[in-house]
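Heads up: the structure comes next, in structure tokens.
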Amino acid sequence: MVPGLPDSQQPPDHDHDHDHQAVPSDVALRVKALESLLVEQGMVDPAAIDATVDLYENRVGPRNGARVVARAWVDPAYRKRLLNEATGTAAIAELGYSGAQGEYMIVLENTPKVHNLVVCTLCSCYPWPTLGLPPAWYKSAPYRSRAVIDPRGVLEEFGLELANDVEVRVWDSTAEIRYLVLPERPAGTERMSEEELAALVTRDSMVGVAKVKAPQGAGPA
Amino acid sequence: MNGVHDMGGMHGMGPIAHEANEPVFHHEWEGRAWGLQRAMAPWGRGRWGSTRYELERIPPAEYLRMPYYERWFTVLVNRLLRSDLVTPEELASGKADPSRPKPTLPPPPPRPATPGAARLDLPIRAAFKLGQRVRARNIHPEGHTRLPRYTRGRQGTVVRDNGVFALQDTDVNGQSLGGKPQHVYTIRFAARELWGVRASARDAVYVDLWEDYLERG
């Protein structure tokens, strides 16, 4: 942590204890060696790898899901289609988000009384077209082991304390269905445009480990 | 298989390390490894069996040690070696052995050996209906399965019928059990049914389970 800087401006920290710890120094070399070998053999086109990296680094990611959420917040008819199990996948595709790991989408609505949380205990299944590739914590043993047995403890670790009268629903996405959480629209955002709303929506809120926060000065949180 | 990958409910894995503004790939090799395994898919189509099972078969201590993308890279390397598409010497040097003929992309198999993950439009009768009490069967397949251990023997309620999908389970070699198209249901397990009184009486875990995993509750 750099003292005096807000979280959003902190440089990435690679020293702490997460799923990327203890990387053997040679794995980078082994990947490089295999790529050169397969390229030399004409088995793979390096441009195809560049394209995949570019796709997931720059084009697919949680900004997509945020646009789905913002649309649902401002357009009641869209929200209805999105939350309907029979039409949710098509409603997401309307905005251009479809394909691998997003073929069968179910959208889960968070309310003041029901909180949904998504995990994949067996693997790391995740809705790529709307959220991109999953973050390290989602793929990590601590999250995968604890989300089902201690969801409230996990949420507290993310800074979200739920009242006892809130029902917590954990979705273990072990089959082919992928889940997206529709978080609650924060109070004080009534005058915001769809685009401004989308900017508030975080990846974590669409996995269900956080709520969407109202912007500062937008009234009671 | 009852592997270390089946983590639901385990203790001792430590705190969750949330990283603000996390990059998609933390190191360049992660993106290259991910792109490589995607690009190499045509070489194994219909031959390499279940990728999920390959990941699960990484020995437990290694599985827990490896970063996520190293697991995927390990699976790719294992498959290339097993298919004689590369040799250990070539892997070490990064240079092709000139005495070996260049591998050629084999034609696709006549029909996929592993049924896909797509929903199937087949008129198959559902054995269970919405609201019905069911029990996850107490079975312990040694191949790949999507039935998490923590649900086995536990009672739940059918809350959604997701339609017909091929069973993705495999034998101990990672090969399909033949597809066996069947309904996949979303089952609601009360948290207390799974975890006892430590869990909140309000909470529940929802799991998508193939019909073969279920019996009348």
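Inter-chain Cβ neighbour count for A:162-169, averaged per residue, equals 4 (cutoff 10 Å, partner chain atoms only).
Distances over 17 Å make up what percent of all Cα-Cα pairs in the range B:133-216? The partial results should precede the final answer.
Working: 1675 of 3486 pairs.
Taking all Cα-Cα pairs of the range B:133-216, the fraction more than 17 Å apart is 48 percent.
Beta bridges from DSSP with both residues in the protein assembly as shown: antiparallel share about 60 percent, rounded to the nearest 5.
Taking the Cα centre of the range B:133-216 as origin and charging only Cβ (+1 Lys, Arg; -1 Asp, Glu), how large is the dipole, in debye to the nearest 20? Don't skip to the answer; put the middle values down first.
Values: 14 positive and 10 negative charges, 102 e Å.
Roughly 500 debye, rounded to the nearest 20.
Evaluate peptide A:145-155: per residue, the Cβ atoms of other protein chains within 10 Å of its Cβ; return the mean as an integer. Please report the intermediate quantities before stating the final value.
Numbers: counts 11, 9, 5, 14, 11, 6, 6, 4, 1, 2, 0.
Mean inter-chain Cβ contacts per residue within 10 Å come to 6.
Hand me the trypsin sites (Lys or Arg not before Pro) from the range A:112-154 located in a DSSP loop with no more than 11 other Cβ atoms within 10 Å, in residue order please.
Working: sites: A:Lys113, A:Lys139, A:Arg144, A:Arg146, A:Arg152; in loops: A:Lys113.
Hits after loop and neighbour filter: A:Lys113.
Normalised size of the range A:90-221, defined as Cα radius of gyration per 2.2 N^0.38 Å with N residues, equals 1.06.
Would you compute, from DSSP H runs of 4+ residues alone, the mean residue ellipticity of chain A at 222 nm, taking -39500 (n - 2.57) per run and dividing by the full residue count, rounded to the nearest 500?
Working: 11 runs with 84 residues, N = 221.
-10000 deg cm²/dmol, from helical runs alone.
Among the residues of B:36-43, the average count of other protein chain beta-carbon atoms within 10 Å of the residue beta-carbon is 5. When you restrict to C-alpha pairs under 8 Å that are six or more residues apart and normalise by the size of the range B:1-103, the relative contact order lands at 31 percent. With pairing defined as another cysteine C-beta under 4.7 Å, the cysteines of the protein assembly as shown that fail it are A:Cys123. Given H placed on each backbone N at 1.01 Å, which residues far from A:Leu182 in sequence or on other chains put an amide H within less than 5 Å of it? Amide H to amide H, under 5 Å and 5 or more residues apart or across chains, A:Leu182 pairs with A:Leu108, A:Glu109, A:Asn110. Shape analysis of the range B:49-177 yields a ratio of the Cα radius of gyration to the Kirkwood radius, Rg/Rh, of 1.08.
Quick one: Kirkwood hydrodynamic radius for the range A:44-91, alpha-carbon pairs, angstrom, one decimal?
On the way: mean 1/r = 0.0793 Å⁻¹.
With all distinct Cα pairs of the range A:44-91 included, I get 12.6 Å.
Magnitude of the charge dipole for the range B:1-103, about its Cα centre and with charges confined to Cβ atoms of Lys, Arg (+1) and Asp, Glu (-1), is about 500 debye. Let me know the shape class of chain B, please: from the alpha-carbon gyration tensor, a ≥ b ≥ c as square roots of the eigenvalues, rounded when a/c is under 1.5, otherwise prolate if a/b is greater than b/c, or oblate. Oblate.
Could you work out [θ]222 nm for chain B from helices alone, using -39500 (n - 2.57) per DSSP H run of at least four and dividing by all its residues? Round to the nearest 500 deg cm²/dmol. If you can, show how the numbers build up before the last one.
On the way: 7 runs with 54 residues, N = 217.
When only DSSP H runs of four or more count, the value is -6500 deg cm²/dmol.
Rounded to the nearest 20, the Cβ-based charge dipole of chain B about its Cα centre (Lys and Arg +1, Asp and Glu -1) stands at 800 debye.
Within straight-line reach of A:Lys139, meaning a Cα separation under 21 Å, sit the following lysines at least 8 residues removed in sequence or on another chain: A:Lys211.
The share of Cα pairs per 10 Å bin across the protein assembly as shown, counted from zero up to the longest distance, runs 4, 19, 31, 27, 14, 4, 0, 0 percent.
If a/c stays under 1.5 just call it rounded; otherwise compare a/b with b/c (prolate if a/b is bigger, oblate if not). Do that for chain A, with a ≥ b ≥ c from the square roots of the Cα gyration tensor eigenvalues.
Numbers: a/c = 1.68, a/b = 1.42, b/c = 1.19.
Verdict is prolate for chain A.
Its convex hull of Cα atoms gives the range B:1-103 a direction-averaged projected area, equal to a quarter of the hull surface, of 8.7 nm².
Output the 0 to 90 degree angle, nearest 10, between the alpha-carbon long axis of helix B:68-82 and the longest principal axis computed from the alpha carbons of chain B. The helix B:68-82 is inclined about 60 degrees to chain B.
Highest GNM mean-square fluctuation among B:Glu30, B:Glu22, B:Glu70, for chain B modelled with Cα contacts below 10 Å: B:Glu22.
For chain A, what's the relative contact order in percent, using C-alpha pairs closer than 8 Å and at least 6 residues apart?
Details: 317 pairs, mean separation 49.4, N = 221.
Reported relative contact order: 22 percent.
Taken together, the values in this text are just the output of simple stated rules run on the coordinates, not laboratory data. Keep in mind it's a predicted model, so treat the numbers as computed, not measured. When we count neighbours, we look across all protein chains shown, and the Cβ atoms used for this are built from the backbone with ideal geometry, even at glycine.
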